[in-house]
Amino acid sequence: MPDLPYKIVVGLEVHVQLLTKTKLFCGCLNKFGQPPNTATCPVCLGLPGSLPVMNKQAFHLALKAALALNCQIATHPGYAPGFTKWDRKNYYYPDLPKNYQISQYDLPFSHDGHLDINVHPDPKKGHTAKRVGIIRAHLEEDAGKNIHDESGRGGDTRVDLNRTGTPLLEIVSQPDMNSPEEAIAYLDELRLMLRELKVSDCEMQEGSLRCDANVNIHIPKADEPKGYAATPLVEIKNLNSFRGVGRAIAYEAQSQYEQFQKDPANFRFGKMLKTTAGWDDPRGKTVVQRRKEEAADYRYFPEPDLVPVVVTAEQIAAVKADMGELPQAQRARLEKEYGLTPYDADVLTAKGRTMVAYFEAVAKALGDGKAAANRLSDLVYPALTERHEEIDAFPMPAAALADFIKNTGGLAKMDRTAVFNVMLEKGCTLADAKTAAGIKEADAGALRAAVVEAIGKNPKAVADFKAGKEAAKMAIVGAVMKANKGAPNDVVRKLVDEELAKG
Ligand code: ZN
Ligand code: MN
């Protein structure tokens, strides 16, 4: 990270669509890609006289996410523990026929949590841990979608109301992130966790994860009580990739600093103004949309058509028990139980729980976690990519991979890969795969003869070795390995040492 003359301060507001069967307050299917306006009913169309009914599965998933984020579950002073209610947020938009969104305002169902993240300035060197506070996570319904004519000929805008009323979890972080890398690490961790919990599929391209970034900077100022002054907040919207989030934050921070530099004496610091900006990804710029003196007035009031919810301690305990191991705990355990480096544990955990289970089965059968992790990295991951396959569909059982690793330790990397690929393609035994890959088990006598021959053919290497250049013997080992495909490297080395010692 370059040294900047200011400190970047970022808070993220993330909306994720929950993986429920139906919408939040009606029975319409919550499914991406249906023909426009076919997944609608009087409730989500906002027709008069229709009444919403809360989807229990949506609440369950939201509760799971909130507990994974270490949130308090509705502990609001003056209210019974677990008491949470719905509110109307009023605004007018073509894609919101009711003219209000059912959301949660002053009594969100969860608040005051945190997410521990790993930041990787250099992946090979491990990571630094950081804790990001969660201000609140609440449930709300989504709006529909305006589909604008993008031909440039000024055609119609159409409205698709299939998405209206689908369940969203809004997760608001504290402004605890101080670089684009930290913001991306937060999003990575959040997405991994929510996917593992099957709360959301978090596909930014399909809109099931959306992110707004609140960015400002702290500029050192000796005459300020805190030693710095804060620029007004800019909220960046329309971010459509994690990379875009990082670029937008870096751009916006630098642009705020440049504005300050233009006229430092008259620069307006403070919280009064909040600007909303869009991110123009192709041009790599933020574009100001509107400035507001105060928070917009949404005329929030309690939703009269829905009863409040009271979350019980039993419910919380049941969800916690059903949560499974979360990524951060999993990394720590993989390091401790299998001796993995932080980097290997990161990579493995990021592949998901099914991959971790596969790894553990291989490592246990083999009795060597590090070797299992290495072969996953250099053989299994590339094979999955190549075959466009997920680990659940991988044809090599963990026991077979463990057996393979155990019996191919002496092979050169190239030969090992060849044998692995044959086993995978043909589903055959290790012995058959070795034969098919043209690797024969050389007997010790033949190998020794090959070593003697190679020594005879490489007088310069022998002379160098005798003159004290230890590394020169590798030329002889290499020559033997080349002529004897599949010969165990360790055995060849030993034979070369023996034969050289004789001369
Ligand atoms: Zn509906
Ligand atoms: Mn929202």
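The values are calculated or read from the model by the stated rules, or taken from the named source; none is laboratory data. From a predicted model like this one, the values you see are computed outputs, not experimental measurements. Counting neighbours? That spans all protein chains shown, and the Cβs are built from the backbone with ideal geometry, glycine included. Calculation scope for accessible area: heavy atoms of the full protein, side chains included, ligands and nucleic acids excluded. Shrake-Rupley method; radii C 1.70, N 1.55, O 1.52, S 1.80 Å.
For every residue, the table says whether it meets (1) open to solvent by 20 Å² or more (accessible area, probe 1.4 Å); (2) in contact with a His (Cβ under 8 Å, 6 or more places away or on another chain); (3) under 19 Å from Gly478 (Cα atoms).
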position	(1), (2), (3)
Leu376	no, no, no
Tyr381	yes, no, no
Glu389	yes, no, no
Pro397	yes, no, no
Ala402	no, no, no
Thr408	no, no, yes
Item to complete: Return the pairs, sorted by first residue and then second, in which the second residue is outside any strand (DSSP E or B) and among the acidic types (Asp, Glu), the first residue lies in region 133-146 and is more than 11 Å from ligand 2 (Cβ to nearest atom), the beta carbons are less than 9 Å apart, and the residues are 6+ apart or on different chains.
Response: Gly133/Asp176; Gly144/Asp95; Lys145/Asp95; Asn146/Asp95
Response to the item:
When restricted to Asp112, Asp87, the only residue within 14 Å of ligand 2 (Cβ to nearest atom) and either charged (D, E, K, R) or not assigned by TED's automatic domain parsing to the domain that holds Cys26 (or both) is Asp87
Worksheet item: If only one of Leu19, Leu47, Leu24, Leu107 is in a loop (DSSP other than H, G, I, E, B), assigned by TED's automatic domain parsing to the domain that holds Leu168 and exposed (fewer than 14 other Cβ atoms within 10 Å of the Cβ), which one is it?
Response: Leu47
Worksheet item: Out of the residues in region 1-23 that are without any contact (Cβ under 8 Å) to a residue 40 or more places away in the chain and closer than 30 Å to Pro304 by Cβ, which is nearest to ligand 2 (Cβ to nearest atom)?
Response: Thr22
Worksheet item: Within the set of pairs 6+ apart or on separate chains, which have a first residue in region 365-377 that is in the same structural domain as Met396 (by TED's automatic domain parsing), a second that is of a type in the set (Val, Ile, Thr) and open to solvent by less than 30 Å² (accessible area, probe 1.4 Å), and C-beta atoms under 6 Å apart?
Response: Leu366/Ile405; Ala371/Ile405; Ala372/Val362; Arg375/Ile405
Worksheet item: Which ones in region 43-67 are under 24 Å from Asp112 (Cβ atoms) and away from ligand 2 (no atom under 16 Å from the Cβ)?
Response: Met54, Phe59, His60, Leu61, Leu63, Lys64, Leu67
Fill in: Total residues in region 40-57, condition of a type in the set (Val, Ile, Thr) and near ligand 1 (Cβ under 9 Å from one of its atoms)
2
Discussion item. Can you say whether Asn37 is crowded, with 22+ Cβ neighbours inside 10 Å, within 13 Å of ligand 1 (Cβ to nearest atom) and more than 30 Å from Asp176 (Cβ to Cβ), as far as the supplied structure shows?
Written reply: no
Worksheet item: Does any residue of region 24-42 turn out to be in contact with an Asp or Glu (Cβ under 9 Å, 6 or more places away or on another chain) and within 16 Å of ligand 2 (Cβ to nearest atom)?
Response: yes
Worksheet item: Pick from Arg290, Arg331, Arg299: which is open to solvent by 60 Å² or more (accessible area, probe 1.4 Å), more than 30 Å from Thr75 (Cα to Cα) and charged (D, E, K, R)?
Response: Arg290
Discussion item. Take the conditions more than 30 Å from Ile73 (Cα to Cα), open to solvent by 50 Å² or more (accessible area, probe 1.4 Å) and in contact with a strand residue (DSSP E or B) (Cβ under 8 Å, 6 or more places away or on another chain) and apply them to Phe269. Does it pass?
Written reply: yes
Practice prompt. Within region 272-284, work out how many residues are outside any loop (DSSP other than H, G, I, E, B) and surrounded by 15 or more Cβ atoms within 10 Å (Cβ to Cβ).
Written response: 6
Practice prompt. Please note which strands (runs of 3 or more DSSP E) are completely contained in region 138-226 and include at least 2 residues that are open to solvent by less than 70 Å² (accessible area, probe 1.4 Å).
Written response: 157-160, 167-173, 209-220
Worksheet item: In region 50-92, what residues are more than 32 Å from the chain's Cα centre (by Cα) and open to solvent by 70 Å² or more (accessible area, probe 1.4 Å)?
Response: Leu51, Val53, Pro77, Gly78, Tyr79, Pro81, Tyr92
Worksheet item: Mind checking whether some residue in region 262-280 is within 23 Å of the chain's Cα centre (by Cα) and more than 30 Å from Phe25 (Cβ to Cβ)?
Response: yes
Item to complete: Might you let me know whether region 233-241 holds any residue that is assigned to a loop (DSSP other than H, G, I, E, B), within 30 Å of Leu348 (Cα to Cα) and assigned by TED's automatic domain parsing to the domain that holds Asn70?
Response: no
Worksheet item: Is it the case that some residue within region 153-162 is closer than 27 Å to Asn216 by Cα, in contact with a helix residue (DSSP H, G or I) (Cβ under 7 Å, 6 or more places away or on another chain) and of a type in the set (A, V, I, L, M)?
Response: no
Worksheet item: Checking Lys31 against (1) charged (D, E, K, R); (2) within 14 Å of ligand 1 (Cβ to nearest atom); (3) modelled with pLDDT of 95 or more, which single condition isn't satisfied?
Response: (3)
